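Heads up: the structure comes next, in structure tokens.
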2 protein chains.
Amino acid sequence: PKESGSGKSDMDAFVNDLMSKMTIQEKIGQLNLVTPGGGILTGSVVSTDVESKIKNGQVGGIFGVYGPEKTRQAQKLAVEESRLGIPMLFGSDVIHGYKTTFPLPLGLASSWDMELIEKTAQIAAKEATADGIFWNFSPMVDISRDPRWGRISEGSGEDPYLGSQIARAMVKGYQQDDLTRSNTMMSTVKHFALYGASEAGRDYNTVDMSRLRMFNDYFPPYKAAVDEGVGCVMSSFNDVDGVPASGNKWLLTDVLRNQWGFDGFVVSDYTSVNEMIAHGMGDLQAVSALALKAGLDMDMVGEGFLTTLEKSLEEGKVSEADINLACRRVLEAKYKLGLFDDPYRYFDDARPAKDILTAENRKVAREAAARTMVLLKNEEQLLPLKKSGTIALVGPLVDSRNNMLGTWAPTGETRYAVTVKEGFENVVGESVNVLYARGANISDDPEFAAKINVFGPKIEIDERSPEAMINEALAAAKKADVVVAVVGEATEMTGESSSLTDISLPECQKKLVRALAKTGKPLVVVNMSGRPMTIGEENELADALLQVWHAGVETGNALADVIFGDYNPSGKLTATFPRNVGQIPIYYALRNTGRPQDGEQFTKFKSNYLDVSNTPLFPFGYGLSYTRFEYKELVLDKSTLTNTDEIKVSVSVTNTGNFDGEEVVQLYVRDEVASITLPLRELKGFQKVFIPKGDTKEVVFTLRAGDLAFYHSDLSFSAEPGEFTVFVGGDSNASLSAKFSLE
Amino acid sequence: PKESGSGKSDMDAFVNDLMSKMTIQEKIGQLNLVTPGGGILTGSVVSTDVESKIKNGQVGGIFGVYGPEKTRQAQKLAVEESRLGIPMLFGSDVIHGYKTTFPLPLGLASSWDMELIEKTAQIAAKEATADGIFWNFSPMVDISRDPRWGRISEGSGEDPYLGSQIARAMVKGYQQDDLTRSNTMMSTVKHFALYGASEAGRDYNTVDMSRLRMFNDYFPPYKAAVDEGVGCVMSSFNDVDGVPASGNKWLLTDVLRNQWGFDGFVVSDYTSVNEMIAHGMGDLQAVSALALKAGLDMDMVGEGFLTTLEKSLEEGKVSEADINLACRRVLEAKYKLGLFDDPYRYFDDARPAKDILTAENRKVAREAAARTMVLLKNEEQLLPLKKSGTIALVGPLVDSRNNMLGTWAPTGETRYAVTVKEGFENVVGESVNVLYARGANISDDPEFAAKINVFGPKIEIDERSPEAMINEALAAAKKADVVVAVVGEATEMTGESSSLTDISLPECQKKLVRALAKTGKPLVVVNMSGRPMTIGEENELADALLQVWHAGVETGNALADVIFGDYNPSGKLTATFPRNVGQIPIYYALRNTGRPQDGEQFTKFKSNYLDVSNTPLFPFGYGLSYTRFEYKELVLDKSTLTNTDEIKVSVSVTNTGNFDGEEVVQLYVRDEVASITLPLRELKGFQKVFIPKGDTKEVVFTLRAGDLAFYHSDLSFSAEPGEFTVFVGGDSNASLSAKFSLE
């Protein structure tokens, strides 16, 4: 990224000069990140005495303060009332949009549209900076192969290649390669590392995997963000190879800085330094010293650095050089952001009204939402529905404004969200007779509801009995030509601290779907969730099944756009949908066993289960369209690749259906023989292409030796010569294949 | 172990001399292990032309041949018709008894009785050698924390310390420190390594974990077997750190031989060398060379060595030294077994009748079976039942001879098994009116039954309707004072290639238990299974719940002994019973998170699930008695331990109930602060003690610094100074605690 002033030497000179004036206390102060509270907290503590700490030079950054006026006031305390006047960083979690809330990240990923994803990040940066926020704790790029884990919703799914592309797109969107602009913000890639592999899908749980798996399957998106110039890295809550990430020198220094060349700063997650006490790493002084020496530069909220580093310095447990290094990195970030030129540059009172939640931004949100929806089933082309006749629109998520934004949208506001009911009215209000019925609660269990409603009412249990609600829905269904049932999760059933051991629909909703199916009316099931769910029964019962995630402020409009064919769905799953929870972890890039089972039929002494097939309900990359795409003529321009040339893989894709549409053309590669066990196929390329009905498009991919590289047992990275198979198609089961060899 | 002749120098001289006469083909022949077929195979191939291969010196060992006559015949071919007359090894899977089938290993482990376990192995060796078998593919010591995995039944459960003690007991039982005796057999520890960590509990699946976890949690039982002098190690099917075990030099040479000092030979699992082709390691020649060079000495059935090593030698892909080394190890094993003194020493026609399935052996089997049963619940002291009145004995496993032995008892014979019905008749035939009803099928699903019945009829679906069967059971229940329902798994629902994603009772059995509970009659549920099951509902419905595994030939007698109080149950679980499959993996030795939840109550932003507690249904180490044990006065004889002394931990255990009984007193240690995240508690000692009712026993444990050692990030092994907490009690939740420090 571009830097303020005329480059690194100027920055060095500036920071050297500033640091020469700083006391050790002031240096430690720069490592302290506070939150004054008032917002939604993700830990049990908030910072105290924030104002006096700022004045005392004890605060390097702050989050949870919004709006030009408040942020300006806070910055003034630092700039005008602290001894050296060093400006603060203003941060926030802007995960999927600022006020213009976009679909949750797992949904956005399902668009496979890198331009779109970058654009959502760019808009988020523009809105956030208009409100005084210029440091974002996003993107979260944690690979996860466990839909029990609630935060799978906040990431891009299971695949390192796709995850890396999305990581790059988001960092680029936030930073725009130019941190000095007032409408770009510094991005933080998180949670470094492996947070998505929390054991048993239980949030914050221990993580264990081989280094080989880290480097090949879980690290790539973090590295991609670093390669894209991300300004900040956030350490994760979990342990990595036996040492909590926030105190893991191998991770934060050897890998991140020495191997990957990261030159920004590392911030802890919320009190994650302190939490190393519970991990068994020692008392607050010990874990703070451990973190600093590991390469962690800024301590979020817990104030272990602020309260113990001086003592550790006196006792020789950290060195002044350790403190200087961390302080320098924080100051460099401020320099790159141009804060030393103008500490108030992001605090423009005129911007919020001009930049936030604009019609233009909402338009992007609506397009984005439509593009995240994944059509899983569409028997007899039931969808799109005609804009005529009578539709029974039923389900607990039809008129549920509080559940549209999706989890972890702390800067969003539910009041701006368009419900499904409103979306239908907006799109077909005049022409279609829409009969509405709630049909079921999201859950009938008040105890469960209380856990979900910690941030406000997400599950509201109706005063009527479940039977009365179903009966109302059935009455509507009987009058209708077609039934659209919108079921699924409340927003806070996914996200942080929202892990589930059962990822099927709550029983009351299952009953609703069963009852609706029994009516014999054509049934569209819309599943709204933040995670892959085990919806095999609903898939059986429904004529059409649409996965829509929680799609942000424009959810209702976008869903209506898709249901009625104003947008032909093009989303593809980025996380495998299991048949049942007992299949977890299940993902497409499985390594082969020595006893692979061919096909679906159980064979004794092959790798399988007695009670369920090895295949998922819906595989990675899967998603239908209202039209059909046929793949033909997979051609390679050569059969042998060398280290210096490239191979062109071309395929012809024909839209043979009755709608114009977009297709995500996916390329997978299998390395037939290698020194380690490798996945049976790995995504190595994709292109989202628009093909008018009847047209054919030739899609061309380029493969180089570097695309075939992987980390070996000794953690070196290269491709191994030998035979490869390339598969191209519309999902991870793509059957069109060709072979080539690498010399 | 003692060696034949006068020690290593004699052996070296003998083997050197012999090898000097051998052609390269004959050396390769020694590395070939064949099976002539006819038994139950665990792979898809059998060896061909066995007789001619033996004559040609192309067979080092054989398995699947039983009885003195047949084994003698086969050995004669080798000794009298091959050029050098080198005798063969005769092997078999003698997993939990030979003909006197003992409870399956997970059950035996639940006895926590090392003397008993050693005795069962000793008896197995005596019976097997009487039948001409002197090389056993046992013990399996794979730690498993995933009850989906079918082979969890074949191991000792989840704990490395307990697993290590059991590994030692079994090796000792088979080998008796003296391989030259004709009633001891060479033991093989398997499956090296990590087979129990098959991903998603799917058999043969890929395995991934950190080396830290390998060394601390999964390797100890293998190492314990090596330390006990095990003669052979079997490589596992799975990959270890990216390389299949059978071709993993780090595993088979660096760790096993160089670090642990193993000096026996390594045999592959059934065609596991060949199966490296499917793992993506190359063609048969390549994987065979890979295996040999990795340190694998004998190739089971696949004949990759036999058919390709000579070519690889010619092409320089293996060296003559590689072949010599493997050949030497095989010949050394034969030497140690005394085969060169007398190749026919195990083939005594008089022995089978004298040694096999004796009354004495069956008596041990009955005692062992009773000692493996785990009492999980006993409301109002319903058990033991009186030997009077009327009992309804219902359930599909009451009169099911084919399901008593337990999985993988290929040398056992179901006809010798005592059913539950017979056991009841034997124990209380005269005095109790026992009303029998089947009540339900094990499963109503013919397709499922077909998968289970590959080795014979285990699930036999009744001609009657499920309703008729339940009604018959209810009629019996109504006439009875108490109902005993024997439900659970058919034997082949666990074991190899018997993984399940749903580990609850089959629905038809759930219905039976529900119907029986509704009668209001006191209900004893006996759950017979090879794995921990999710039996929370049954636990709620039952007044008493007894976990009995598949307990071998004496299952019925032993169960009646326990039910009627002739034996007071003392078993303790060695694998955690989860509440649901979504909690997996769940085990007691969890590492702490940074955000531990205190107690059962859900707290936001703590590590937990929204829908189920963090605790299991039944924890590791848990098991009730008909009496009660009270723990008091936990006393340490010092508060500070040094590297050279020891600490005595004593506790007073009082039998406060009305029965004499045995208790497994367990000692757990927590290392409060360490350089890596460690389990919150780890088993470090246990003693099974008999305490007459009313008596108190002081139980004393000794801890040394070495007991507190663990593998650090650099894989060095030592204890770290600091604070420790010791917990003593009757299960892994033991609350009595004391602190000490290590200097």
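The values are calculated or read from the model by the stated rules, or taken from the named source; none is laboratory data. Just so it is clear, the model here is predicted, and its values are computed rather than measured. Here the Cβ is made from the backbone with ideal geometry for all residues, glycine too, and neighbour counts use every protein chain on show. SASA here: full protein model, heavy atoms, side chains in, ligands and nucleic acids out. Shrake-Rupley method; radii C 1.70, N 1.55, O 1.52, S 1.80 Å.
How do the pairs read when you match residues in region B:371-391 that are over 18 Å from B:Pro619 (Cβ atoms) with residues anywhere that are among the acidic types (Asp, Glu) and part of a helix (DSSP H, G or I), using Cβ under 8 Å and keeping only pairs 6 or more apart or on different chains?
Taking only residues 6 or more apart or on different chains, not a single pair turns up.
Give A:Ser144, A:Ser164 a once-over and let me know the one that is outside any loop (DSSP other than H, G, I, E, B), closer than 24 Å to A:Gly530 by Cα and small (Gly, Ala, Ser). Walk me through it before giving the result.
Values: A:Ser144 fails: outside any loop (DSSP other than H, G, I, E, B).
Exactly one of A:Ser144, A:Ser164 is outside any loop (DSSP other than H, G, I, E, B), closer than 24 Å to A:Gly530 by Cα and small (Gly, Ala, Ser), namely A:Ser164.
Filter region B:432-443 down to the residues that are open to solvent by less than 60 Å² (accessible area, probe 1.4 Å) and either hydroxyl-bearing (Ser, Thr, Tyr) or within 14 Å of another protein chain (Cβ to nearest Cβ) (or both) and list them by number. Lay out the reasoning, then the answer.
Just the residues of region B:432-443 that are open to solvent by less than 60 Å² (accessible area, probe 1.4 Å), to begin with: B:432, B:434-435, B:437-443.
Passing the criteria: B:Ile442, B:Ser443.
Taking the residues in region B:710-743 that are small (Gly, Ala, Ser) and more than 22 Å from B:Glu158 (Cα to Cα) as candidates, determine which candidate is surrounded by the most Cβ atoms within 10 Å (Cβ to Cβ). Please lay out each step first, then the result.
At the first step, the residues of region B:710-743 found to be small (Gly, Ala, Ser) are B:713, B:716, B:718-719, B:722, B:729-730, B:732, B:734-735, B:737-738, B:741.
Going one step further and asking which of them are more than 22 Å from B:Glu158 (Cα to Cα), we end up with B:713, B:716, B:718-719, B:722, B:737-738, B:741.
Working: B:Ser713: 16, B:Ser716: 10, B:Ser718: 13, B:Ala719: 18, B:Gly722: 16, B:Ser737: 14, B:Ala738: 16, B:Ser741: 14.
Here the residue is B:Ala719.
Which pairs have Cβ atoms under 7 Å, sit 6 or more apart or on different chains, and link a residue in region A:459-472 that is closer than 20 Å to A:Glu489 by Cα and assigned to a helix (DSSP H, G or I) to one that is open to solvent by 40 Å² or more (accessible area, probe 1.4 Å) and among the basic types (Lys, Arg)?
Listed by first residue and then by second, the contacts come to A:Met469/A:Arg438; A:Ile470/A:Lys511.
Sort out which residues of region B:525-556 are surrounded by fewer than 24 Cβ atoms within 10 Å (Cβ to Cβ) and among the polar types (S, T, N, Q), and write them in order of number.
Residues satisfying the conditions are B:Thr534, B:Asn539.
Mind checking which pairs have a first residue in region A:680-695 that is among the polar types (S, T, N, Q) and at pLDDT 95 or above and a second that is crowded, with 16+ Cβ neighbours inside 10 Å and part of a strand (DSSP E or B), Cβ under 8 Å, 6 or more apart or different chains?
A:Gln687/A:Val664; A:Gln687/A:Val665; A:Gln687/A:Val699; A:Gln687/A:Phe701
State the number of residues belonging to region A:243-258 that are facing another protein chain (nearest Cβ under 9 Å) and either surrounded by fewer than 24 Cβ atoms within 10 Å (Cβ to Cβ) or touching a His at 6+ places or on another chain (Cβ under 8 Å) (or both).
Taking region A:243-258 as the starting set, the residues that turn out to be facing another protein chain (nearest Cβ under 9 Å) are A:243-244, A:246, A:250.
Still in the list and also either surrounded by fewer than 24 Cβ atoms within 10 Å (Cβ to Cβ) or touching a His at 6+ places or on another chain (Cβ under 8 Å) (or both): A:243-244, A:250.
Selection size over region A:243-258: 3.
With the condition kept exactly as written, say whether any residue in region B:176-191 is part of a helix (DSSP H, G or I), in contact with a Gly (Cβ under 9 Å, 6 or more places away or on another chain), open to solvent by 10 Å² or more (accessible area, probe 1.4 Å) and away from chain A (no Cβ under 14 Å).
Filtering region B:176-191 down to residues part of a helix (DSSP H, G or I) leaves none.
Within region B:176-191 (the criterion being part of a helix (DSSP H, G or I), in contact with a Gly (Cβ under 9 Å, 6 or more places away or on another chain), open to solvent by 10 Å² or more (accessible area, probe 1.4 Å) and away from chain A (no Cβ under 14 Å)), the answer is no, since none of the residues qualifies.
Scan region A:258-281 residue by residue and report those that are over 20 Å from A:Leu89 (Cβ atoms) and either of a type outside the set (Val, Ile, Thr) or assigned to a helix (DSSP H, G or I) (or both).
A:Asn258, A:Gln259, A:Trp260, A:Gly261, A:Asn274, A:Glu275, A:Met276, A:Ala278, A:His279, A:Gly280, A:Met281
Just checking, does region B:697-714 include any residue being under 25 Å from the mean Cα position of the chain (by Cα), part of a strand (DSSP E or B) and more than 11 Å from chain A (Cβ to nearest Cβ)?
The answer is no; no qualifying residue exists.
Specify the residue that is most open to solvent (accessible area, probe 1.4 Å); the eligible residues are those in region B:352-406 that are touching a Ser or Thr at 6+ places or on another chain (Cβ under 7 Å) and at positive phi.
B:Leu357
Sort through A:Leu505, A:Leu500 and tell me the only one that's in contact with a Phe, Trp or Tyr (Cβ under 8 Å, 6 or more places away or on another chain), modelled with pLDDT of 95 or more and outside any helix (DSSP H, G or I).
Working: A:Leu505 fails: in contact with a Phe, Trp or Tyr (Cβ under 8 Å, 6 or more places away or on another chain).
After applying the criteria, what remains is A:Leu500.
Looking at (1) in contact with an Asp or Glu (Cβ under 7 Å, 6 or more places away or on another chain); (2) buried (at least 21 other Cβ atoms within 10 Å of the Cβ); (3) not aliphatic (A, V, I, L, M), which is the only condition A:Glu663 fails?
Failed condition: (1).
Any idea which residue in region B:573-582 is nearest to the other protein chains (Cβ to nearest Cβ), counting only those that are part of a loop (DSSP other than H, G, I, E, B) and touching a Lys or Arg at 6+ places or on another chain (Cβ under 9 Å)? Explain how you work it out, then say what you get.
The first filter runs over region B:573-582 and keeps only residues part of a loop (DSSP other than H, G, I, E, B), leaving B:573-576, B:578-580.
Narrowing further to those that are touching a Lys or Arg at 6+ places or on another chain (Cβ under 9 Å): B:575-576.
On the way: B:Ala575: 15, B:Thr576: 12 Å.
Selected residue: B:Thr576.
Is there a residue being within 15 Å of the chain's Cα centre (by Cα), buried (at least 24 other Cβ atoms within 10 Å of the Cβ), more than 27 Å from B:Gly242 (Cα to Cα) and more than 9 Å from chain B (Cβ to nearest Cβ) anywhere in region A:219-231?
No - not one qualifying residue is present in region A:219-231.
With (1) among the aromatic types (Phe, Trp, Tyr); (2) without any contact (Cβ under 8 Å) to a residue 60 or more places away in the chain; (3) within 13 Å of A:Ala674 (Cα to Cα) as the list, and A:Phe710 as the residue in question, which single condition is left unmet?
(2)
Could you grab the pairs with beta carbons closer than 7 Å, sequence gap of 6+ or different chains, first residue in region B:261-273 and open to solvent by 10 Å² or more (accessible area, probe 1.4 Å), second one among the small types (Gly, Ala, Ser) and assigned to a strand (DSSP E or B)?
The qualifying pairs are B:Asp269/B:Ser235.
Quick check on A:Phe629: is it under 28 Å from A:Lys421 (Cα atoms) and either touching a His at 6+ places or on another chain (Cβ under 6 Å) or more than 10 Å from chain B (Cβ to nearest Cβ) (or both)? Before you say what the answer is, go through the steps one by one.
On the way: under 28 Å from A:Lys421 (Cα atoms): no; either touching a His at 6+ places or on another chain (Cβ under 6 Å) or more than 10 Å from chain B (Cβ to nearest Cβ) (or both): yes.
Judged against the criteria, A:Phe629 is not a match.
If B:Ala200 passes every condition in (1) within 14 Å of chain A (Cβ to nearest Cβ); (2) outside any helix (DSSP H, G or I) but one, which one does it miss?
(2)
What number of residues within region A:453-495 satisfy the criterion of being within 14 Å of another protein chain (Cβ to nearest Cβ) and either surrounded by 24 or more Cβ atoms within 10 Å (Cβ to Cβ) or under 22 Å from A:Leu523 (Cβ atoms) (or both)?
8
From the residues in region B:303-324 that are in contact with an Asp or Glu (Cβ under 8 Å, 6 or more places away or on another chain) and closer than 23 Å to B:Phe192 by Cα, which one is most open to solvent (accessible area, probe 1.4 Å)?
The first filter runs over region B:303-324 and keeps only residues in contact with an Asp or Glu (Cβ under 8 Å, 6 or more places away or on another chain), leaving B:305-306, B:313.
Subset that is closer than 23 Å to B:Phe192 by Cα: B:305-306.
Values: B:Phe305: 0, B:Leu306: 34 Å².
Here the residue is B:Leu306.
Looking at region B:325-341, which of its residues are open to solvent by less than 10 Å² (accessible area, probe 1.4 Å) and outside any helix (DSSP H, G or I)? Can you show your working first?
Here is the first cut: in region B:325-341, the ones open to solvent by less than 10 Å² (accessible area, probe 1.4 Å) are B:326-327, B:330-331, B:333-334, B:337-339.
Correct list: B:Leu337, B:Gly338, B:Leu339.
For region A:426-447, how many residues are assigned to a helix (DSSP H, G or I) and either hydroxyl-bearing (Ser, Thr, Tyr) or touching a residue at least 40 places away in the same chain (Cβ under 8 Å) (or both)? Let's see the steps before the verdict.
Our first condition is that a residue be assigned to a helix (DSSP H, G or I); within region A:426-447, this holds for A:426-428, A:446-447.
Going one step further and asking which of them are either hydroxyl-bearing (Ser, Thr, Tyr) or touching a residue at least 40 places away in the same chain (Cβ under 8 Å) (or both), we end up with A:426-428.
Number satisfying all stated conditions: 3.
Kindly list, by first and then second residue, each pair from a residue in region A:647-676 that is within 14 Å of chain B (Cβ to nearest Cβ) and under 11 Å from A:Val728 (Cα atoms) to a residue that is part of a strand (DSSP E or B) and open to solvent by 10 Å² or more (accessible area, probe 1.4 Å), limited to pairs with Cβ atoms under 8 Å and residues at least 6 apart or on different chains.
Filtered contacts from region A:647-676: A:Val669/A:Glu682; A:Val669/A:Lys684; A:Val669/A:Phe727.
Filter region A:583-619 down to the residues that are outside any loop (DSSP other than H, G, I, E, B) and either more than 7 Å from chain B (Cβ to nearest Cβ) or in contact (Cβ under 8 Å) with a residue 60 or more places away in the chain (or both), then identify the one that is most open to solvent (accessible area, probe 1.4 Å). Break it down stepwise before answering.
Keep residues of region A:583-619 that are outside any loop (DSSP other than H, G, I, E, B), which gives A:583, A:591, A:618.
This time we only want the ones that are either more than 7 Å from chain B (Cβ to nearest Cβ) or in contact (Cβ under 8 Å) with a residue 60 or more places away in the chain (or both), so: A:591, A:618.
Details: A:Arg591: 25, A:Phe618: 10 Å².
Among them, the one singled out is A:Arg591.
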